[in-house]
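Derivation of every value follows stated rules applied to the coordinates shown; laboratory data play no part. All figures in this text were calculated on a predicted structure; none of them were measured in a lab. Quick reminder, even Gly has a Cβ in these numbers, built from the backbone with ideal geometry, and neighbours come from all protein chains shown.
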Amino acid sequence: MKALQYVKVGAPPEVREVPLPEPGPGQVRLRVTAAGACHSDSFVMSLPEEQYRAGYPLPMTLGHEGAGIVDKLGEGATGVEVGDSVAVYGPWGCGRCIQCAQGKENYCERAAELGITPPGLGHDGSMAEYMVVDDPRFLVPLGDLDPAGNVALTDAGLTPYHAIKGSLGKLGPGSTAVVIGAGGLGHVAIQLLRTLTTATVIALDVSDDKLELAKEVGAHFAFPSTPEAKDRIAEAIGTPSVTAIFDFVAAEPTLELGSALRGTESDLVVVGVGGGQVGAGILAAPYDATVRAPYWGSRPELMEVFALARSGHIRVETETFHLNDAAEAYHRLHEGTLRGRAVVTP
Ligand code: NAD
Ligand code: ZN
Ligand code: ZN
């Protein structure tokens with residue numbers, strides 16, 4: 001079968017012919033229907049040799065957003081039937097610790113110790129004709145949701161959903177939420193904020209196209225992401241302080257801007273992996289301002305995200321690429337010219 005693999009540190013990924021994987025005991029094989037390309041894949045592929053080797057094997061099939069049709073059950077695997085249309089819950093855990101018991105496998109306490117990694121971020125992922133999933137509990141029914149249109153909800157929907165849920169109590173009438181980076185995750189975050197809260201939603205980005213998209217999907221305001229954004233925000237809402245900042249970039253300049261926008265009891269929610277630091281000491285921050293760095297989301301939350309897609313509250317903008325052209329999807333992601341999410345179909 002064909003798979004898009006990261007083969008050599010620093011080189012672009014390649015479509016290669018690899019053996020069809022067999023599901024072992026308890027595992028499930030999917031015939032992949034769609035796979036999403038995430039900026040985190042680009043981040044992993046940007047790591048220098050030494051850091052990369054410490055974390056991941058090579059070659060590795062990319063893709064941690066996946067959907068497919070159940071194709072073959074390994075010995076003893078139950079709970080799904082051949083032919084089911086499913087999405088893959090990516091942040092795999094041990095299934096037994098207190099976090100996993102609550103469906104929060106993204107916060108599994110034993111994953112690192114047991115060497116459990118998400119598909120596409122440690123072992124073979126969804127950018128292939130077939131993929132093997134370790135346990136049926138990592139499969140969430142898609143039902144009549146179109147796989148290509150919704151596969152990105154498994155990360156680009158779930159991650160902002162989990163990030164926003166943690167701040168929901170603060171985002172009541174009169175509040176303001178700022179979304180920095182209106183890309184794959186950010187453009188869904190804007191829709192989630194409009195659906196789940198009464199906050200005024202302000203998007204910041206460096207690209208005019210993304211600012212346009214932000215407004216189309218529901219942002220009340222969209223401004224260039226520069227230090228002057230603070231003044232534009234003050235003009236728009238009457239104060240330079242906001243209730244919550246969701247930073248989907250988290251590089252030095254965005255974290256500096258986000259920190260400067262914080263009001264009393266605000267949340268600065270760091271989702272991006274841009275490598276910036278939240279600097280100033282606790283006394284320099286407004287009273288009771290919180291910094292959070294959430295990771296992905298829980299299994300029940302993924303079901304809630306699918307429910308929001310079914311009811312038409314959220315929709316992922318996608319550009320679709322054939323598996324043969326999957327390297328191009330990452331190239332466009334790297335260039336920053338995608339509208340929404342790049343989705344790869346075999
Ligand atoms: P993306 O490339 O689709 O979107 C990034 C957006 O940020 C683009 O619209 C880009 O124009 C914009 N941008 C770049 N520099 C900016 C700046 N200085 N100010 C404002 N906007 C700027 O990326 P994505 O797939 O949506 O991922 C977003 C980030 O979230 C990445 O860092 C990714 O690694 C990370 N991520 C984290 C988690 C988690 O669980 N914490 C999960 C998934 C992705
Ligand atoms: Zn991701
Ligand atoms: Zn666990």
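Dipole size in debye (nearest 20) for the stretch 289-346 around its Cα centre, Lys and Arg Cβ +1, Asp and Glu Cβ -1?
That gives the stretch 289-346 a dipole magnitude of about 240 debye.
What number comes out for the charge environment of Pro300, summing +1 per Lys or Arg and -1 per Asp or Glu over other residues with Cβ under 14 Å away?
So the surrounding residues net to +1.
Applying a 10 Å radius around every beta-carbon, put 201-212, 141-152 in order of their mean neighbour count, most first.
201-212, 141-152
In sequence order, what are the phi-derived ³J(HN,Hα) couplings for the stretch 218-224 according to the Karplus relation 6.51 cos²θ - 1.76 cosθ + 1.60 with θ = phi - 60°, rounded to whole Hz, with x for glycine and proline?
Couplings: x, 5, 6, 9, 9, 10, x Hz.
Please turn the phi angles of the stretch 296-310 into ³J(HN,Hα) values with the Karplus equation 6.51 cos²θ - 1.76 cosθ + 1.60 (θ = phi - 60°), one per residue in order, whole Hz, x for glycine and proline.
6, x, 8, 5, x, 5, 5, 5, 5, 5, 4, 4, 5, 5, 4
For the stretch 174-227, what is the charge dipole size about the Cα centre, in debye to the nearest 20, if Lys and Arg each add +1 at the Cβ and Asp and Glu each add -1 at the Cβ?
That gives the stretch 174-227 a dipole magnitude of about 200 debye.
For the chain, which semi-axes, largest first and in whole Å, follow from the square roots of 5 times the eigenvalues of its Cα gyration tensor?
After scaling each eigenvalue by five and taking roots: 34, 21, 19 Å.
Using a 10 angstrom cutoff on alpha carbons, build the Gaussian network for the chain and name the most mobile of Ser311, Ser225, Ser46.
Ser311
What translational diffusion coefficient, in µm²/s and rounded to a whole number, does the Stokes-Einstein relation yield for the stretch 104-237 at 4 °C and a viscosity of 1.567 mPa s, taking the hydrodynamic radius as the Kirkwood radius over Cα pairs?
76 µm²/s
Compute the separation of the alpha-carbon centres of the stretch 242-296 and the stretch 9-64 and state it in Å as a whole number.
31 Å
Just grab the label-to-label distance for Glu75 and Ser311, each label 7 Å out from Cα along the Cβ direction, in nm (one decimal).
Roughly 4.5 nm, to one decimal.
Between Glu265 and Leu58, what is 0.36 nm times their sequence separation minus the Cα-Cα distance? Round to one decimal in nm.
Difference between extended and current length: 70.0 nm.
For the stretch 251-260, just list the computed ³J(HN,Hα) in residue order, Karplus coefficients 6.51, -1.76 and 1.60, θ = phi - 60°, integers in Hz, with x standing in for Gly and Pro.
8, 3, x, 6, 5, 5, 5, x, 4, 5
Using a Gaussian network model of the chain whose springs link C-alpha atoms within less than 10 Å, name the residue from Thr318, Thr197, Thr290 with the highest mean-square fluctuation.
Residue with maximal mean-square fluctuation among Thr318, Thr197, Thr290: Thr290.
Could you compute the FRET efficiency for Lys170 and Glu17, with r as their C-beta to C-beta distance and R0 at 56 Å, rounded to 0.05?
Taking R0 as 56 Å, the efficiency between Lys170 and Glu17 is 0.60.
Which Cα, out of Ala67, Trp92, Ala289, lies furthest along the positive dipole direction of the chain (beta carbon charges, K/R +1, D/E -1)?
Ala289
When the chain is modelled as a GNM with alpha-carbon springs shorter than 10 Å, which of Val270, Val44, Val316 fluctuates the most?
Val44
Quick one: which residues, 5+ away or cross-chain, put their amide H under 5 Å from the amide H of Leu268? H built at 1.01 Å from N.
So Leu268 has HN proximity to Ile245, Thr290, Val291, Arg292.
Kirkwood Rh, Cα Rg: Rg to Rh for the stretch 221-299?
On the Cα set of the stretch 221-299, Rg over Rh gives 0.97.
Can you give the charge dipole size of the stretch 247-333 about its Cα centre, rounded to the nearest 20 debye, using +1 on the beta carbon of Lys and Arg and -1 on the beta carbon of Asp and Glu?
Around 200 debye, computed over the stretch 247-333.
Test of understanding: what is the full-extension gain from Met303 to Ile98, defined as 0.36 nm times their sequence separation minus their Cα-Cα distance?
Between Met303 and Ile98, full extension yields an extra 71.8 nm.
So how far apart, in nm, are the two label points at Asp325 and Glu113 if each is 7 Å from Cα heading toward Cβ?
Simple spin-label model gives 4.8 nm for this pair.
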